[in-house]
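This report concerns only the one structure given below.
The values are calculated or read from the model by the stated rules, or taken from the named source; none is laboratory data. Since we're looking at a predicted model, the values are computed, not measured. In this analysis, Cβ positions are derived from the backbone assuming ideal geometry, glycine residues included, and neighbour counts consider all displayed protein chains. To get the accessible areas, we keep the full protein, side chains included, count just its heavy atoms, and leave off ligands, DNA and RNA. Shrake-Rupley method; radii C 1.70, N 1.55, O 1.52, S 1.80 Å.
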Amino acid sequence: MSDIVLKEVSKSFGAVSVLDKVSMHIQSGEFIVFLGPSGCGKSTLLRMIAGLEDVTEGEIHLGGRRVDQLPPNERGVAMVFQNYALYPHMTVRDNMSFGLQNVGTPKPEIIRRVDDAARMLEITQLLERKPAQLSGGQRQRVAIGRAIVRDPKAFLLDEPLSNLDAGLRVRTRLELAQLHNRIRATMIFVTHDQTEAMTLATRIVVMNNRRIEQIGTPMEIYSRPATRFVAGFVGSPAMSFLPVTAVSDVGGKAAFSFAGQTPVTTSVPFAGLPTSSLTFGIRAEAALVDPNGAIEGVADVVERLGERSLIYTRLADGSTLVAEDNGVSTVQAGDPVRIAIDGNAAMVFDDAGKAYHAAA
Amino acid sequence: MSVADSRNPAVDASGTATAQRKLRAFDIGGLILTLITLVFAIIWAFPIYWGVITSLKPESQVISKTVELLPRTWTFDAYWEVFANTMIGRWYVNSLVTSLGVTAITLVTSALTAYALSQLRFPGRTVLWYLILASFMVPLTALIVNHFILMAQLSLINTWMGVILPQLIHPVVIIVYKNFFDSVPKEYREAAKMDSASEWRIFSRIYLPMNWGVTTALAIVTFIGAWNAFLWPFLAVSKPDMMNVAVGITQVNDAFGVHYARDLAAAILAALLVALLYLVFQRRVTQAIMLSAGVKG
Ligand SMILES: Nc1ncnc2c1ncn2[C@@H]1O[C@H](COP(=O)(O)OP(=O)(O)OP(=O)(O)O)[C@@H](O)[C@H]1O
Ligand SMILES: [Mg+2]
């Protein structure tokens with residue numbers, strides 16, 4: 001009902017293009033996260049949906065209505081700013097009431113809606129305070145409260161957690177997820193933190209260099225990244241990329257050789273695969289330290305994370321493969337290691353960065 | 001900043017003195033600077049002291065061969081004479097009305113102009129801004145004949161409005177306001193836009209209240225400036241009952257020549273309100289002078 005549709009939306013600041021033909025269809029009630037490196041245009045895209053930035057080309061539809069030429073207040077969306085932008089001279093109640101007052105909502109109605117939102121966000125006892133008298137987390141709630149009282153079709157949040165300390169970030173993240181479950185409104189959330197993206201999103205929009213790289217559920221983005229950029233950007237530690245030296249057909253499946261190792265047979269179909277300039281991609285959890293493993297290398301760095309250890313292994317050609325071992329790994333830097341790769345979890349990328357996966 | 005400081009040697013000297021004292025516990029240089037400051041302070045304050053005690057002497061004791069630092073006889077006679085024989089009450093009212101008028105109208109128009117220049121995008125905005133900056137270079141006195149002719153044509157000579165209108169030209173107030181409006185983070189404006197606020201609401205509910213400090217500071221200096229204005233109010237008014245205090249006290253003389261105690265009493269009464277204002281709002285006044293000095297410097 002309040003779907004958000006972007007049709008080939010482009011944006012330039014003067015001669016500088018920052019977004020190039022971005023299209024997407026957001027279902028009503030979704031929690032969408034724009035994820036991407038700094039400067040890729042996430043905020044700009046969000047601000048275009050909000051109406052704070054002109055659309056250079058393309059269309060934006062909201063709830064079936066074309067809105068890209070409408071002023072921000074006529075689009076029925078609310079925005080939570082990174083620095084919250086709470087009016088410093090107004091109490092929390094006035095901050096939350098301001099938007100309703102501007103559209104002439106009757107006073108008892110304003111009071112009721114502010115009280116309801118305050119109760120939901122547990123900030124009732126803060127209503128008569130000024131923003132300067134609130135902690136960062138409380139300000140953050142007030143900023144969300146200010147959006148909620150207007151009962152918008154969509155919430156637009158630009159890195160709303162980035163000003164909170166680590167512990168509070170995690171807690172607020174959880175509360176935001178609960179809030180979304182409760183009010184079921186469409187939310188678009190901008191971040192460059194992949195944990196936030198993975199934990200909050202129903203779908204993630206991975207952006208890079210003016211374009212959308214992939215739109216998908218967190219699991220799709222993680223296990224079947226569409227491009228090498230997505231594969232490298234999402235997941236920690238980053239996926240290992242190894243230049244492929246030879247491809248062979250093993251009963252329809254592709255087997256890849258790299259760094260002078262015995263070929264690794266994967267579930268990627270051989271048919272349709274380019275034969276040169278391929279890169280093999282594997283995540284650490286699918287490359288386990290194993291005395292019987294087929295891959296040989298030398299441990300360069302050992303990171304003990306507690307529940308697991310990461311072994312940065314140098315292969316014969318100098319490339320690095322990140323492997324996983326259990327928390328109490330006995331591997332020391334400089335030790336020779338053997339690694340077993342789970343071919344089913346492997347993927348390859350062509351020289352344009354396009355990914356090839358096992359058949360779905 | 002620098003303009004304000006060099007005007008006031010006390011700021012310079014004591015500032016340097018404290019800085020140096022932090023370096024060394026005992027500091028001859030700092031001591032000398034403090035003494036110099038003290039000497040300047042006395043030179044500056046003595047005439048005021050002299051004026052006050054003279055106004056409290058009987059007229060017969062004002063002129064004496066010796067320097068009398070305190071009156072032999074204390075008396076308010078000079079003040080009673082001013083109240084009894086001049087229209088000082090009426091002049092006070094005139095000063096109050098015109099100064100408040102100048103202050104209120106200047107602040108309202110300047111704040112609105114500054115908001116438009118700072119926040120709205122309209123054709124001619126840059127030209128307008130440069131015109132205002134340029135008008136800053138033109139001293140009011142250079143236009144005084146034009147003002148007089150204009151006010152005469154409008155039949156506003158000897159009226160409050162005639163005193164007020166030419167004093168409304170204060171580009172520095174616009175400049176200070178604009179600087180402050182410019183420095184408000186743009187998210188506030190955007191948040192207000194998302195909140196369906198009209199430009200008027202954004203101005204009156206967000207930008208103005210966020211800058212109350214500037215408004216009070218500017219109001220005080222504008223008021224003091226208008227209260228102390230002499231040249232224009234002197235030209236614009238010839239009827240004694242329309243004069244303001246600064247002009248009126250120059251009329252306090254009569255056939256019997258100079259009466260120092262009475263004249264000084266009148267002068268002190270004229271300055272009293274401003275002096276009190278200054279005492280009450282000392283910090284704001286200093287702040288405002290710094291603000292406008294920052295613009296000038
Ligand atoms: N008003 C502007 N004028 C010119 N260029 C701009 C403007 N706003 C943004 N840009 C440019 O557009 C690009 C995208 O900016 P944007 O703020 O959308 O990035 P982002 O993905 O939100 O980054 P971050 O994660 O750092 O917030 C950047 O290269 C930025 O320099
Ligand atoms: Mg951003």
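Numerical summary
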item	result
Some residue of the range A:162-176 being touching a residue at least 24 places away in the same chain (Cβ under 8 Å), closer than 28 Å to residue A:19 by Cα and within 15 Å of ligand 1 (Cβ to nearest atom)	yes
Spans of strands (runs of 3 or more DSSP E) in the range A:239-296 with at least 2 residues aromatic (Phe, Trp, Tyr)	none
Residues located in the range A:57-91, provided they are away from chain B (no Cβ under 11 Å) and in contact with a Pro (Cβ under 9 Å, 6 or more places away or on another chain)	A:91
Count of the range A:20-79 residues which are within 16 Å of ligand 2 (Cβ to nearest atom) and either of a type in the set (S, T, N, Q) or in a strand (DSSP E or B) (or both)	9
Lone unmet requirement of (1) closer than 30 Å to residue A:235 by Cβ; (2) among the basic types (Lys, Arg); (3) open to solvent by less than 10 Å² (accessible area, probe 1.4 Å) for residue A:47	(3)
Tally of residues being under 25 Å from residue A:17 (Cβ atoms) and touching a helix residue (DSSP H, G or I) at 6+ places or on another chain (Cβ under 8 Å) across the range A:63-80	7
Conditions (1) within 16 Å of ligand 1 (Cβ to nearest atom); (2) among the aliphatic types (A, V, I, L, M); (3) within 14 Å of chain B (Cβ to nearest Cβ): number failed by residue A:103	(1)
Hits in the range A:18-35 (condition: closer than 10 Å to residue A:58 by Cβ and open to solvent by less than 10 Å² (accessible area, probe 1.4 Å))	A:19, A:22
Breaking point among (1) assigned to a helix (DSSP H, G or I); (2) away from ligand 1 (no atom under 15 Å from the Cβ), for residue A:2	(1)
Hits in the range A:136-161 - residues which are open to solvent by 20 Å² or more (accessible area, probe 1.4 Å) and within 16 Å of ligand 1 (Cβ to nearest atom)	A:159
Options A:94, A:115, A:54: the member that is among the charged types (D, E, K, R) and away from every other protein chain (no Cβ under 13 Å)	A:115
Qualifying residue in the range A:18-34 (condition: within 12 Å of ligand 1 (Cβ to nearest atom) and hydroxyl-bearing (Ser, Thr, Tyr))	no
Failed item in (1) away from every other protein chain (no Cβ under 14 Å); (2) farther than 30 Å from residue B:61 by Cα, with residue B:248 passing the rest	(2)
Residues being farther than 25 Å from residue A:230 by Cβ and within 16 Å of ligand 1 (Cβ to nearest atom) - total across the range A:177-203	0
Helices (runs of 4 or more DSSP H) fully within the range B:152-232 counting 2 or more residues that are away from chain A (no Cβ under 11 Å) and at pLDDT 90 or above	B:160-164, B:171-182, B:212-228
Failed item in (1) touching a strand residue (DSSP E or B) at 6+ places or on another chain (Cβ under 7 Å); (2) assigned by TED's automatic domain parsing to the domain that holds residue A:16; (3) open to solvent by 40 Å² or more (accessible area, probe 1.4 Å), with residue A:201 passing the rest	(3)
